Amino acid sequence: MKALGKTKSLFRLFRQAVRGEEQNFTEGSINRAIFLLSIPMILEMAMESLLAVVDIFFISRLNDNDAVTAVGLTESVMALVYSMAMGLGMASTAMVARRIGEKDGVGAAVAAVNAMYIGLVVSVLISITGILFYEDILRMMGASERMLAVGSRYTLWMLAGNFSIVSLFLVNAIFRGAGNAAIAMQSLWIANIVNMVLDPILIFGWGPLPSIGVEGAAMATNIGRTAGVLYQLYFLAGEKGIIKIRRENSKVDWDIIVRLLKVSAGNIGQFLISTTSWLFLARIIVTFGSAAFAGYQFAIRIIIFTILPSWGMANAAATLVGQNLGAKQPDRAEKSVWKAGFLNMVFLGLISIVFYFVSGSIMKLFSTNAEVIRYGTECLRIVAFGYVFYGYGMVIVQSFNGAGDSRTPTVLNLFGYWLFQIPLAYILAVNLHFGASGAFWAIAIAESVMAVAAILVFRRGKWKEVKI
């Protein structure tokens, strides 16, 4: 009976997390706060990844490799847009969470509005660039004329319609800072449902509607994301939430804009440093043959999928840090981080055990090529050795961001990726002749060292003094 009671209590808590409401998490159980925040954040990121998976699934049914490649090249370019949107979003989360912790709902709304102004300007500049140079951008990425013919309109739609991407990331970050991660999750549910319905209709045609091909996938994605943004704005304009967008708190505040830009510059730098470093790592691995590269690509996608829940936990910690620092409770903020880090470490530790024993079986789901399976299995097993470190590391890094300290993780990324991981990968793989496995070991070693360094810096407590 006692176990049944606990199960019912957990189920009620889960329903509350999914239903969502903006909350001040500066008091009460820290474990409960982590649960209420992390569940919708985990589901949110799963929905975000599903958008890209659905698009490529339907596009692959066109049986046109050039179309698939054009979409892949476009997504590589869009990674820069995602970096800017996520960087600005993390700065917005930090500032909104700080105001919520200070019980300053009006200040949180002013910060949210000015973050949206920045996002609007950024998206307009990207749209103009995309409309004028979308074919040149694809050519720069190495697209052939055939790829341009079948896929350039996809690039045009994605770049020109980037407002829906920037807005979805940014406003979701605002809701996270306000303690309502459920709205962020629900907006992506809407975006996914609309996208999944429109993708096959626009790509292949339906009834009187003609087939648009790969361009239809971009149209469906933009329409779906826009539907999610409208859902977000509905809540921001309503009466229920802590953050209420009204005419009186919609003025341009240059002081807030400057502070947001300073923090977001560091956040964007974090993503750009890590993204570009992984491109160089891929360049090292591809020299060992297509089988090594394919195995690596499959393994990395599996790794990213299993890490998604951990990012939910890390984002929860960032919100708790921001709110508790705003409430002048730095000790509670620190305690929240250690608890979230421990839970994350346990979760990823269990995943690493699974990878060690069944990685070969997992890889067989993606390929029948023995060499690809061997490389992919090796990559999963080696990278998983560092999972317990990653668990703590990603929570610590996001906690710095939640405190408004974007400089520290940027420096850690610069040294960890560019000055350590890439040289180590080259030395192990090429100079010491370990081959692709040398690069895999460089990932595990570098990520573990970065996690330990982040923990040591975090313990110094300078992040508690950051003003935002």
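Just so you know, all these numbers are worked out from the coordinates, no wet-lab data involved. Quantities reported herein were computed from a predicted structural model and do not represent experimental measurements. For neighbour counting, all protein chains shown are included, and Cβ atoms are generated from backbone atoms with ideal geometry for every residue, glycine included.
Values computed for the structure shown
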quantity: Approximate spin-label separation residue 434-residue 204, in nm, with each point projected 7 Å along Cα-to-Cβ; calculated: 4.6 nm
quantity: Region 149-188 and region 380-400: distance between their alpha carbon centers, rounded to Å; calculated: 27 Å
quantity: Kirkwood hydrodynamic radius of region 79-213, Cα pairs, Å; calculated: 16.8 Å
quantity: Per-peptide average of other Cβ atoms within 10 Å, ordering 398-406, 215-223, 448-456 highest first; calculated: 398-406, 215-223, 448-456
quantity: Ratio of the Cα radius of gyration of the chain to 2.2 N^0.38 Å, where N counts its residues; calculated: 0.98
quantity: Aspartates and glutamates with Cα under 16 Å of residue 467, excluding same-chain neighbours fewer than 8 positions away; calculated: 102, 104, 255, 405
quantity: Sequence-distant aspartates and glutamates (8 or more away, or on other chains) whose Cα lies within less than 13 Å of residue 339; calculated: 331
quantity: Sites matching trypsin sites (Lys or Arg not before Pro) across region 202-305 that sit in DSSP coil, with at most 15 neighbouring C-beta atoms within 10 Å; calculated: 240, 246, 251
quantity: Calculated FRET efficiency for the pair residue 104/residue 357, C-beta based, R₀ 45 Å, to 0.05; calculated: 0.30
quantity: Pairwise FRET efficiency - residue 127 versus residue 452, Cβ, R0 = 41 Å, nearest 0.05; calculated: 0.45
quantity: Cα-based Rg / Dmax (Å) for region 265-468; calculated: 17.7, 57
quantity: Simple spin-label estimate for residue 193 and residue 61 in nanometres, 7 Å along Cα-Cβ; calculated: 2.1 nm
quantity: Region 25-156: radius of gyration over Cα atoms, expressed as a fraction of 2.2 N^0.38 Å; calculated: 1.40
quantity: Estimated translational D of region 28-252 in µm²/s (Stokes, Kirkwood radius over Cα pairs; 4 °C; 1.567 mPa s); calculated: 71 µm²/s
